[in-house]
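All remarks here apply to the structure that follows.
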Amino acid sequence: MDKAVALVPPSGLSILLARRAAASESEDGEDTPTGPRSYSPAPAPTTEPSNSSSPFLSPETDLDVHPHQNNSAHAPIHESRNATESTPLLARSYPPNRRPAYFNAHGIPLSKSINRIVSFFSRPLSIAHPNNIDPRSLGKTALKSLPAVILGTLLNILDGVSYGMIIFPAFGVFADLAGMGVSMFFASTVISQLVYTLGGSSFAGANGSMMIEVVPFFHILATTIAHDIGEENAREVIATTLVAYAFSSILTGLTFFLLGYLRLGVLIGFFPRHILILHRCIGGVGVFLILTGLTVSTGLPSDSLGLSIDILRFFFLDIHTLTLWLVPAVLAITLRIITARWKHQLIFPVFFLIIPIVFYIVVAAARLDLATLRKEGWLFDSAQGAGGSQDKWYSFYSYYDLNAIRFWPLWATLPTQFALLFFNILHPPLNVPALSISLNQDIDTNKELVGHGASNFLAGLLGTVPNYLVYVNTLLFYRVGGDHRVAGFLLAVATFVLLTIGTAPIAYIPVMVVGSLIFVLGIDLVKEALWDTRHRVSRMEYVTIISIMVCMTVWDFVIGVLFGIVVSCFFFVVQNSQRRSIRACYTGDAAMSTVRRPAAHRAYIREVSKQTMILRLQGFLFFGTIAHVEDTLRNIVSDPASWQRNPVRFVVVDLSLVAGVDMSSAEAFVRVQRLLAAKGVILIFCGVSHESAVGQALGSVGVLEEAYVEVFETFSDAIEWTENAYLRAWFRVQKNETSPIVLSGRNNVDLRFDQSLAGSPRRSQLRDIGGRTIAQAELSDAELSFEPNKTLLKVFSSYDEVDNQSLVTLARYFERISVPSGLVLWEKDDSADGLYVIESGSLRASYKFSEHSTIFEESMLSGALAGEMSALSGLPRNATVVVEQPAVLWKLSMMNMSRLEIEQPALAHTFVQLVLKAAKVDNDILLAALATR
């Protein structure tokens with residue numbers, strides 16, 4: 001079996017050492033991978049099977065193409081094993097191809113529909129026999145997880161005390177509910193962490209947390225309910241608000257579950273990126289968080305914040321107030337300056353650990369009174385009552401009183417609930433694929449949606465707020481060793497301990513810590529919305545982003561979201577057409593390059609090019625059309641039976657007629673590239689340049705710099721490169737080739753065979769086809785040892801039987817010419833002076849069919865004819881021919897052609913027929929290339 005190898009481009013030294021090791025091990029009869037091993041939590045995708053221990057082309061040296069090595073940092077992947085850290089902690093005990101039956105408490109089987117839902121929902125929660133668990137290994141894994149658990153716990157503390165405290169508005173009946181918000185934050189975090197760890201997510205070290213960005217919608221819900229019920233009914237307001245929060249979790253959970261169960265994850269994954277609702281909405285959320293940071297830092301009620309002279313004087317002319325909010329703002333800006341200069345995952349948590357330490361050092365040195373500091377706004381108040389320091393973490397459940405809940409205000413909040421739901425469902429389709437790419441781990445988006453549905457539905461039933469998988473926290477968790485489910489479970493336990501401690505420690509947290517945290521997130525979101533998109537969107541779209549931010553800030557978040565949807569859909573309609581994206585899909589044997597080669601080479605290429613899959617796209621690629629394109633590309637390698645029948649070496653994606661590519665489509669190509677690279681398939685983009693709009697879109701996600709990716713400006717150049725790859729792969733191991741093979745076009749093709757041509761279906765096809773075509777022609781060539789007889793045999797042997805005596809007679813009429821590169825043999829409309837047979841080197845013909853047409857080029861290599869049609873017809877030349885590489889030519893002049901016709905009429909007749917046969921093949925290929933331009 002071929003083994004999985006690292007998809008991340010290795011260093012030159014590691015390649016050299018690995019190949020030397022592979023060569024030494026192969027001498028002992030061992031099947032070794034030719035690429036270096038690297039280790040990471042993400043498992044490598046499965047590669048194609050092989051039937052030989054001496055592979056023809058392994059996944060990394062298979063054709064040994066190393067295009068555009070990427071030097072950027074990537075998370076490495078390791079060789080696949082029977083079990084990896086990404087698999088569930090408890091493996092399944094029933095056969096993998098058989099769905100288990102589920103029974104109720106009385107032992108009666110459930111109905112088929114219910115059994116199907118339970119089976120789908122509980123796939124990752126399979127159970128293994130306890131004897132299969134090694135306590136020592138489990139203990140070692142737990143110890144190795146401690147750094148990740150500590151980091152994850154610290155991040156949860158920072159998020160909880162910052163964003164949990166602002167779940168409720170800081171005024172009216174909600175003024176003293178900051179502690180309750182922290183408890184609800186940790187409760188939701190624990191629930192999501194347990195669900196993801198116990199199999200709800202394919203990421204073994206997934207980190208769950210409350211959805212921070214929906215806080216503005218919570219404030220709208222709370223203020224709407226308080227206005228409808230009346231603040232004099234404080235208990236009824238709080239109870240109804242808690243029900244509204246829990247209802248948003250249930251609604252989010254049901255939506256996620258249905259999207260995952262109906263397998264709609266791919267579609268919604270492309271939706272938000274195209275219409276850019278994310279960039280536009282997060283700008284408004286960022287402004288909200290900055291304003292919230294001001295109110296938290298200064299103690300000003302959020303309902304008092306507005307654009308007035310008094311408010312401006314309060315913030316900028318009052319020295320005490322200015323100091324309260326300026327210190328956390330400066331700390332937030334300082335942190336972002338530091339992280340822009342130094343990239344390390346521990347900078348963020350260490351920075352916020354230092355702040356309270358320095359604060360209390362100053363307090364101790366100056367002998368300041370904590371009560372005075374708390375009164376002046378440097379420390380949080382010890383809030384009594386609802387969620388305060390004297391209450392337990394579960395005190396918020398005491399407000400779930402059916403007699404106090406008012407249901408009619410809940411109907412008035414439904415528009416806000418649906419806007420919140422829309423904003424919630426944007427997160428997983430963005431976070432999950434992004435995390436999958438960062439960790440080099442292929443996942444099922446639909447399964448992740450089901451996991452999100454379970455965690456949110458359970459959070460709603462337990463009366464707390466929505467949650468989701470956090471991209472940044474999970475990535476940091478993996479990087480410090482939290483790449484397994486034991487670490488995730490320990491993080492859930494640690495977070496539960498924080499929950500049970502209660503909210504009393506909040507009274508000793510400096511306000512500047514929370515304020516700076518809120519400022520950091522607000523600044524990041526505003527930066528992502530305004531600064532990061534300045535060169536990625538059009539001017540009109542950029543104005544739209546700003547207008548949505550203003551709309552959300554001045555009026556309402558729901559109105560801002562609706563305004564963003566309408567404007568984005570307008571852009572969608574204007575920019576996109578109704579044409580299908582896939583114009584044609586066929587194999588490479590139907591599209592030869594415009595390169596004149598020996599007939600044996602062409603016969604070999606025509607058959608082996610069935611391993612080249614060509615996909616020609618058109619129109620504007622956006623989230624709606626790219627799904628079909630991605631499925632088509634995935635099906636090339638995903639079906640094992642189809643792979644055995646029609647193995648693929650190259651996938652050529654022609655973007656010549658593509659008007660544009662949005663970010664969702666570009667990210668789809670990243671996912672496809674990773675899948676193809678795992679099979680050793682080269683993804684080739686053509687009809688695009690790095691400077692074009694399509695090239696910039698693909699470059700923005702880094703797919704053009706990935707390994708196993710090539711880029712060409714024309715379709716002909718791409719096909720020519722694949723043909724060169726197939727030819728060089730064959731000739732690399734042919735020791736009896738008397739003259740080196742000459743290839744036109746780009747020659748950075750490094751193709752190697754390992755020991756033999758036996759192996760997987762792709763290698764077997766190359767071996768069989770090469771043996772039937774090129775090898776047979778070389779056997780015939782070996783009978784002749786002098787020129788031009790050998791070259792003439794190479795040119796005409798595939799069209800008819802040619803005896804050696806005829807070639808000897810014919811050779812007397814040819815003249816040998818050596819020409820340097822750059823020499824113009826003839827120009828368009830020149831009189832024909834004869835025809836040429838190319839012994840070595842290469843020529844390039846340039847056709848200009850009309851004034852307004854572009855120049856079309858054709859290469860002519862060793863064993864090909866040049867100028868034959870104009871020589872036989874006596875008409876002027878129809879192209880300009882230049883020597884591309886120093887060449888040796890055999891010329892049959894017009895005078896010698898006339899002599900041949902007089903002295904050897906039968907031989908001349910046979911020669912003309914052979915030339916016409918060769919010319920017909922060349923013209924057919926040229927016409928086919930012109931027709932597909």
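A few comments on the model shown:
- Sole exception among (1) crowded, with 20+ Cβ neighbours inside 10 Å; (2) over 15 Å from TRP325 (Cα atoms); (3) among the small types (Gly, Ala, Ser) for SER516, by number: (2)
- Residues of the stretch 621-668 classified as closer than 18 Å to LEU704 by Cβ and either out of contact with any His (no Cβ under 9 Å at 6 or more places or on another chain) or assigned to a helix (DSSP H, G or I) (or both), total: 21
- For the residues LEU698, LEU704, LEU675, the requirement of being more than 30 Å from LEU926 (Cα to Cα) and in contact with a strand residue (DSSP E or B) (Cβ under 7 Å, 6 or more places away or on another chain) singles out LEU698.
- Residues satisfying the stated conditions in the stretch 413-439, i.e. out of contact with any strand residue (DSSP E or B) (no Cβ under 9 Å at 6 or more places or on another chain) and either modelled with pLDDT under 80 or more than 26 Å from ILE229 (Cα to Cα) (or both): PHE422, PHE423, ILE425, LEU426, PRO429, LEU430, PRO433, ALA434, SER436, ILE437, SER438, LEU439
- Some residue of the stretch 513-535 being at pLDDT 80 or above, of a type in the set (Ser, Thr, Tyr) and at negative phi: yes
- Restricting the stretch 536-551 to residues that are modelled with pLDDT of 75 or more and hydrophobic (A, V, I, L, M, F, W, C), the residue that is surrounded by the most Cβ atoms within 10 Å (Cβ to Cβ) is ILE548.
- PRO356 meets the stated requirement of being touching a strand residue (DSSP E or B) at 6+ places or on another chain (Cβ under 7 Å) and at pLDDT below 90.
- Within the stretch 219-239, residues that are touching a residue at least 40 places away in the same chain (Cβ under 8 Å) have Cβ atoms under 7 Å from residues that are open to solvent by 40 Å² or more (accessible area, probe 1.4 Å) and assigned to a helix (DSSP H, G or I) in these pairs: THR224/ALA412; ALA226/GLY172; ASP228/ALA412; ILE229/GLU236; GLU231/GLY172, counting only partners at least 6 apart in sequence or on another chain.
Yes/no matrix, rows are residues, columns are (1) assigned to a helix (DSSP H, G or I); (2) farther than 15 Å from GLY172 by Cα; (3) of a type in the set (Val, Ile, Thr):
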position: SER202; (1), (2), (3): no, yes, no
position: VAL215; (1), (2), (3): yes, yes, yes
position: HIS219; (1), (2), (3): yes, no, no
position: ALA222; (1), (2), (3): yes, no, no
position: GLU232; (1), (2), (3): no, no, no
position: ALA244; (1), (2), (3): yes, yes, no
position: SER248; (1), (2), (3): yes, yes, no
position: GLY253; (1), (2), (3): yes, yes, no
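- Criterion applied to SER831, SER842, SER846, SER898 was being touching an Asp or Glu at 6+ places or on another chain (Cβ under 6 Å) and without any contact (Cβ under 8 Å) to a residue 60 or more places away in the chain, and the one residue passing it is SER846.
- Selection from the stretch 669-693 of residues that are in a helix (DSSP H, G or I) and out of contact with any Lys or Arg (no Cβ under 7 Å at 6 or more places or on another chain): PHE669, VAL670, ARG671, GLN673, ARG674, LEU676, ALA677, ALA678, ALA693
- Among residues of the stretch 361-376, those that are in a helix (DSSP H, G or I) and either of a type in the set (Gly, Ala, Ser) or surrounded by 14 or more Cβ atoms within 10 Å (Cβ to Cβ) (or both), counted: 7
- Being touching a strand residue (DSSP E or B) at 6+ places or on another chain (Cβ under 8 Å), modelled with pLDDT under 90 and surrounded by fewer than 16 Cβ atoms within 10 Å (Cβ to Cβ) is not true of LEU346.
- Residues in the stretch 588-632 that are more than 21 Å from PHE796 (Cβ to Cβ) and among the charged types (D, E, K, R): ASP589, LYS610, ARG616, GLU630, ASP631.
- Filter pass, LEU835 being among the hydrophobic types (A, V, I, L, M, F, W, C), in contact with a helix residue (DSSP H, G or I) (Cβ under 6 Å, 6 or more places away or on another chain), closer than 25 Å to ILE925 by Cβ and buried (at least 18 other Cβ atoms within 10 Å of the Cβ): yes
- Tally of residues being under 20 Å from the mean Cα position of the chain (by Cα) and under 19 Å from LEU617 (Cα atoms) across the stretch 690-734: 13
- Candidate set: the stretch 625-636, residues that are in contact (Cβ under 8 Å) with a residue 60 or more places away in the chain and among the hydrophobic types (A, V, I, L, M, F, W, C); chosen: the one nearest to ARG583 (Cα to Cα): ILE626
- Pairs with Cβ under 8 Å, 6+ apart, first in the stretch 598-612 and free of Cβ contacts under 8 Å to residues at least 24 places away in the same chain, second surrounded by fewer than 24 Cβ atoms within 10 Å (Cβ to Cβ) and assigned to a helix (DSSP H, G or I): ARG606/ASP589
- For the condition of a type in the set (Val, Ile, Thr), modelled with pLDDT of 85 or more and in contact with a helix residue (DSSP H, G or I) (Cβ under 6 Å, 6 or more places away or on another chain), VAL819 does not qualify.
- Restricted to helices (runs of 4 or more DSSP H) entirely inside the stretch 843-933, those with at least 1 residues that are hydroxyl-bearing (Ser, Thr, Tyr) and open to solvent by less than 50 Å² (accessible area, probe 1.4 Å) are 868-873.
- Here the stretch 791-810 is the region considered, the condition is being touching a residue at least 24 places away in the same chain (Cβ under 8 Å), out of contact with any Gly (no Cβ under 8 Å at 6 or more places or on another chain) and in a helix (DSSP H, G or I), and the residue that is surrounded by the fewest Cβ atoms within 10 Å (Cβ to Cβ) is THR809.
The values are calculated or read from the model by the stated rules, or taken from the named source; none is laboratory data. What you are looking at is a predicted structure, and each value in this text was computed from that prediction instead of being measured. All Cβ positions, even for glycine, are placed from backbone atoms using ideal geometry, and neighbour counts span all protein chains on display. Side chains included, ligands, DNA and RNA excluded: accessible areas come from the protein's heavy atoms. Shrake-Rupley method; radii C 1.70, N 1.55, O 1.52, S 1.80 Å.
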